Amino acid sequence: MPLILPREYDFLSQIAPVSDLGQRFRSQSSSIHVTGVFATMPIWIYHIVGYYDGDLYPNHNSLPPYEHGSKTYYWELSNGKVIDGKNDLQFINHSCNPNLESREVLINDQLHIQFYALRNIMPGEELTLNYRLRKDKGDKHQYKCFCSSPNCRGTMLDPNHKRSGKKKTL
């Protein structure tokens, strides 16, 4: 269930002018996985970090052939639409001990993904999410976690998601 914000709600003024949002973070090389996103200034607990922006598609079946190699930047919304990430926040890496959370927000009748801080984040710190991926079939080993946090589960898959257990009949 998304957080519903009224049309007149000025969500960006709650944290900083629009021009300042991009100055809170930058993408660069990461020890977790290739490229990550790092704070460039302090980000305080519960403050909005930014929004996952990109091309919006009606569903997975309408996605064009993938252009990012083996990396995917798709984010499926609760209404079935899919965002193909196109801003630096597409590079947020998974961690079993994340410092960000995501939530759907409804702004002007359109769903958006909003990231906010779970705790205070200092400059130079990598911004991370718990991906909580759900996969009913396929090789679960391709979802290996590289976060190295003390409570690392070893996977980016959601531990609370029960696999369907249904076997496909050929």
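Residues that are touching a residue at least 60 places away in the same chain (Cβ under 8 Å) and among the hydrophobic types (A, V, I, L, M, F, W, C) occur in segment 47-64; there is at least one. Would segment 111-128 turn up any residue that is more than 23 Å from Arg26 (Cβ to Cβ) and small (Gly, Ala, Ser)? Among the residues of segment 111-128, not one is more than 23 Å from Arg26 (Cβ to Cβ) and small (Gly, Ala, Ser), which makes the answer no.
Residue-wise test of (1) outside any loop (DSSP other than H, G, I, E, B); (2) out of contact with any Phe, Trp or Tyr (no Cβ under 7 Å at 6 or more places or on another chain); (3) open to solvent by 60 Å² or more (accessible area, probe 1.4 Å); (4) modelled with pLDDT under 90.
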| site | (1), (2), (3), (4) |
| --- | --- |
| Ala16 | no, yes, no, yes |
| Ser19 | yes, yes, yes, yes |
| Gln23 | yes, yes, yes, yes |
| Val37 | yes, no, no, no |
| Met41 | no, yes, yes, no |
| Ile45 | no, yes, yes, no |
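Within segment 82-128, can you find the residues that are in a loop (DSSP other than H, G, I, E, B), open to solvent by 30 Å² or more (accessible area, probe 1.4 Å) and aliphatic (A, V, I, L, M)? Lay out the reasoning, then the answer.
Going residue by residue through segment 82-128, those that are in a loop (DSSP other than H, G, I, E, B) are 86-87, 92, 95-99, 108-109, 118-120, 122-125.
Imposing the further condition that a residue be open to solvent by 30 Å² or more (accessible area, probe 1.4 Å) reduces the set to 86-87, 97, 108-109, 118-120, 122-125.
If the condition is that a residue be in a loop (DSSP other than H, G, I, E, B), open to solvent by 30 Å² or more (accessible area, probe 1.4 Å) and aliphatic (A, V, I, L, M), then Leu118, Met122 are the ones that fit.
Taking the criterion of being in a loop (DSSP other than H, G, I, E, B), at pLDDT below 85 and either within 19 Å of Ile92 (Cβ to Cβ) or of a type in the set (S, T, N, Q) (or both), the residues of segment 136-170 that qualify are Asp158, Asn160, Ser164, Thr169.
The condition (being modelled with pLDDT of 85 or more, open to solvent by 70 Å² or more (accessible area, probe 1.4 Å) and out of contact with any helix residue (DSSP H, G or I) (no Cβ under 8 Å at 6 or more places or on another chain)) is satisfied by just one residue among Asn79, Asn59: Asn79.
The values are calculated or read from the model by the stated rules, or taken from the named source; none is laboratory data. In this text, all values refer to a predicted model and were calculated from it rather than measured experimentally. Neighbour counts are summed over all protein chains in view; Cβ atoms, including those assigned to glycine, are modelled from backbone coordinates with ideal geometry. Protein only, heavy atoms only, side chains kept; ligands, DNA and RNA dropped before computing areas. Shrake-Rupley method; radii C 1.70, N 1.55, O 1.52, S 1.80 Å.
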